[in-house]
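Below is one structure, written out as structure tokens; comments come after it.
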Amino acid sequence: MNNAWRMTWYVGLVAMALAGTACEPVAEGEVRVTMSGGDGTQRGYASHLFQDGWSVQFTKYLVSLGDFTLTSASGEKRTAPEHVLVDVQKGDVPLTGLKGLPAGRWGVGFRVSPPREDTKLPDGNVSAEDLAMMRERGYSYWVEGVAVKKDVGVYTFRMGFPVNAHMVDCINGVDGTMGIVVPENSVAEAEVTIHAEHMFYDRLGTHRGVQLRFDAIAATADENGVITPEGLSTQNLLDLRDRNGGELKDDQGQPVVYEPGAYTVRTLQEFVTQSVVDQAHLNGGGVCTVAH
């Protein structure tokens with residue numbers, strides 16, 4: 001065999017080998033997405049968890065969310081375009097699914113935003129009236145429930161928060177790694193987990209050293225004992241007042257202080273809205289980066 005024929009023969013073998021490799025099927029899997037409020041939204045928070053002795057029970061916890069997106073290491077994006085409004089107080093809710101994904105690691109992102117014209121009600125536990133109200137008022141979260149404190153009383157709350165946040169680069173709460181791994185010929189579970197305790201934090205920008213408080217929230221209730229966004233907007237963070245108009249103090253007689261950190265917030269409504277911006281996590285405690 002002369003050199004020219006030998007080269008032709010070799011190139012042909014390489015071409016056939018590459019062609020055979022290119023035709024091999026890529027292993028695929030899928031992702032199933034659910035949303036959960038966990039014990040917090042479903043069972044509430046007992047009095048021993050609050051610095052000021054309140055207990056809280058939710059009767060409704062509406063979350064408006066969509067555009068669940070997976071991003072591969074090569075930059076490929078797969079998005080489930082559905083936008084939904086669900087009540088996680090009633091239990092875990094299936095949201096969407098993505099199939100035919102190449103197996104491997106994918107980054108996770110989604111958007112918490114007010115209901116749109118195409119927003120769906122997949123769990124059947126949210127009324128069309130609540131959907132219309134949240135869309136009109138620009139709320140992504142709407143919560144209702146009851147707060148109780150011994151020797152103080154029972155208060156009802158109906159609170160809404162206008163969050164519009166793109167959550168990206170989510171850490172997996174199961175193992176602390178980035179995103180999720182799509183298995184070959186199987187299903188990966190991705191749970192958007194709501195940490196409702198964020199709305200009771202007394203400081204922003206950190207999860208460390210926070211106390212859960214409700215006195216400042218309760219002090220904004222109207223004459224019927226109902227707490228609303230309008231009431232929360234009257235509570236000045238630099239001059240917190242109690243129900244009687246006096247300086248708000250804790251059980252030890254010390255002034256109650258909310259720490260805004262680097263955020264410019266003036267009222268309790270603005271403070272709580274900022275506090276709940278990052279309360280949607282991945283698979284339990286996996287935090288996400290907020291990219292507005």
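Within the stretch 249-276, the set of residues being without any contact (Cβ under 8 Å) to a residue 40 or more places away in the chain and either farther than 17 Å from Gln211 by Cβ or crowded, with 17+ Cβ neighbours inside 10 Å (or both) comprises Thr264, Arg266, Thr267, Glu270.
Look at Val108 and say whether it is β-branched (Val, Ile, Thr) and touching a residue at least 60 places away in the same chain (Cβ under 8 Å). Considered against the rule, which asks whether it is β-branched (Val, Ile, Thr) and touching a residue at least 60 places away in the same chain (Cβ under 8 Å), Val108 comes out as yes. If you go through the stretch 240-292 and keep only what is out of contact with any helix residue (DSSP H, G or I) (no Cβ under 6 Å at 6 or more places or on another chain), outside any loop (DSSP other than H, G, I, E, B) and within 30 Å of Ile180 (Cα to Cα), you end up with Thr273, Gln274, Ala280, His281, Leu282, Gly286, Thr289, Val290.
Could you list all residues from the stretch 174-227 that are of a type in the set (Ser, Thr, Tyr) and either in a loop (DSSP other than H, G, I, E, B) or without any contact (Cβ under 8 Å) to a residue 60 or more places away in the chain (or both)? Within the stretch 174-227, Thr177, Ser186, Thr206, Thr220 qualify. Residues in the stretch 47-82 that are under 22 Å from the mean Cα position of the chain (by Cα) and crowded, with 21+ Cβ neighbours inside 10 Å: Val56, Phe58, Tyr61, Leu62, Val63, Ser64, Leu65, Gly66, Phe68, Leu70. Residues that are of a type in the set (Gly, Ala, Ser), buried (at least 21 other Cβ atoms within 10 Å of the Cβ), touching a strand residue (DSSP E or B) at 6+ places or on another chain (Cβ under 7 Å) and modelled with pLDDT of 95 or more: does the stretch 220-235 have at least one? No, the conditions are met nowhere in the stretch 220-235.
The values are calculated or read from the model by the stated rules, or taken from the named source; none is laboratory data. Since we're looking at a predicted model, the values are computed, not measured. Every residue, glycine as well, gets a Cβ built from its backbone with ideal geometry; the counts of neighbours run over all protein chains shown.
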